[in-house]
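Report on the structure given below.
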Amino acid sequence: MNPAVPYIVTFLLAIVSSMLIDNVVLSRFYGICSFIGVGNKPKAAFSMGLAVTFVTIMAALVCWPIYTFVLQPLQIPFMDTLTYILVIASLVQIVGLFIKKYSPALYKAFGIYLPLITTNCAVLGVVQGNTDSGLSFGMSMANAIGTAIGFVIVIVIFSFIRIRLEEYKTPKAFRGIAIALITAALMSIAFLGFSGMVPSN
Amino acid sequence: MPDWVRWLLAVGILVVLLAIFIISFVLYRKTPVPKGCEEFEKPSEAKCHGCNQTECHFNLYYNDPVEKAKEEVQQEQTEEQRQETQKEEN
């Protein structure tokens, strides 16, 4: 981190970087199953994105202290992946429980997507990446926020593109998932255009 | 710190986390669904209309080969109709 640059600028640049340049779906290829599965209905895509945002930020908030203050001092950092999986799964259940009990409106908004997030590898990828790269707590949060926003942007754009695609005649061999994957590949190439936007130093 | 202590700690953490997960899972299942959301967790035509994931437990057509075949036939018919309409227009 460059000491001449204010921390808030670095924080915002980290968010933009994880959001567009290192996009979780199109550059790192995490969370493809939900991207393809839910990405054909904008409302569902947005709900899924909302749930992913919520869980990713919460997971980053909880997992970084566990790694730094429990796993590292006890010299058992090899337990990280297993710990994160269980922490994320428990977190989703606990948050879901409170939402179910106290906030029916939020329960309706998240829908069935909150329990499904448990199996979304994007959440685990973010948390694992934070500790593997040795990021500070602030930068971990920036990475989590940026990644989550990037996921929402991409899945919503993708759902609108797929709606447009349904209106046009597609050759039989390309119908359904095939054309969706080609669209995702083209989007990935388009997102390559963002590389170099944020200087590495 | 000796290796056996580290392994013991690792197993201990794992057991604690598993216990937390099981307790939270049971509590989540036991918590009553809010009013107005009773039908929410049940699969329905409206919810699953746009979703292709028939492997999903929530999907109405979960592992139903007959429904899958019906969908494919319907899609093909729609496509044929669309082609015919285009031909007529031309």
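The values are calculated or read from the model by the stated rules, or taken from the named source; none is laboratory data. Given the structure is predicted, the values throughout are model-derived calculations rather than measurements. Because the Cβ atoms are built from the backbone with ideal geometry, glycine has one as well, and the counts that use them run over all protein chains shown. What goes into the accessible areas is simple: the full protein's heavy atoms, side chains included, and nothing from ligands, DNA or RNA. Shrake-Rupley method; radii C 1.70, N 1.55, O 1.52, S 1.80 Å.
Please compute the per residue accessible area over the stretch A:1-120 with all protein chains in place, 1.4 Å probe, rounded to a whole number of Å².
On the way: 5310 Å² over 120 residues.
For the stretch A:1-120, the per-residue accessible area is 44 Å².
Using the Kirkwood radius built from alpha carbon pairs, what does the Stokes-Einstein equation give as D for the stretch A:1-88 at 4 °C and 1.567 mPa s, in µm² per second?
Details: Rh = 15.6 Å.
For these conditions, the coefficient is 83 µm²/s.
Of the residues A:89, A:185, A:51, which exhibits the maximal mean-square fluctuation in a Gaussian network model of chain A defined by a 10 Å Cα contact cut-off?
Answer for the Gaussian network model of chain A: A:185.
Working from Cα positions, state the angle (0 to 90°, nearest 10) between the long axis of helix A:177-192 and the longest principal axis of chain A.
50 degrees
Which entries of A:43/B:30; A:43/B:35; A:172/B:87 have Cα-Cα distances beyond 20 Å here?
As for pairs spanning more than 20 Å Cα to Cα, those are A:43/B:30; A:43/B:35.
Please give the FRET efficiency for residue B:79 paired with residue A:43, using the beta carbon to beta carbon distance and R0 = 30 Å, rounded to the nearest 0.05.
Working: r = 25 Å, r/R0 = 0.84.
For R0 = 30 Å, the calculated efficiency reads 0.75.
I need the Kirkwood Rh of the stretch A:94-159: take the reciprocal of the average 1/r across all distinct C-alpha pairs and report it in angstrom. Before the final figure, lay out each step's value.
On the way: mean 1/r = 0.0735 Å⁻¹.
13.6 Å is the Kirkwood radius here.
Using only Cα atoms, tell me the angle between helix A:80-102 and the longest principal axis of chain A; keep it within 0 to 90° and round to the nearest 10.
The helix A:80-102 is inclined about 70 degrees to chain A.
With a 1.4 Å probe and all protein chains left in place, how much of the accessible area of chain A comes from carbon and sulfur atoms, in whole percent? The partial results should precede the final answer.
On the way: 6820 of 9400 Å².
Percent of accessible area from carbon and sulfur atoms in chain A: 73.
Keeping all protein chains in the complex and leaving out DNA, RNA and ligands, what accessible area do you get for residue A:90 with a 1.4 Å probe, in Å² to the nearest 10?
Roll a 1.4 Å probe over it and residue A:90 shows about 10 Å².
Go ahead and set up a Gaussian network model of chain A, Cα springs under 10 Å, then flag whichever of A:187, A:139, A:79 fluctuates most.
A:79
For chain A, take the longest principal axis of its alpha carbons; what is the angle in degrees between that and the long axis of helix A:121-132, to the nearest 10 within 0 to 90?
Approximately 30 degrees, to the nearest ten.
For chain A, max minus min Cα coordinate along each principal axis, in Å, sorted largest first?
59, 46, 30
Just to confirm the filter: which chymotrypsin sites (Phe, Trp or Tyr not before Pro) across the stretch A:146-196 are DSSP coil and have at most 11 other Cβ within 10 angstrom of their Cβ? Walk me through the intermediate numbers first.
Values: sites: A:151, A:158, A:160, A:168, A:174, A:191, A:194; in loops: A:168, A:194.
Counting only loop positions with at most 11 other Cβ atoms within 10 Å, the chymotrypsin sites (Phe, Trp or Tyr not before Pro) in the stretch A:146-196 are A:168.
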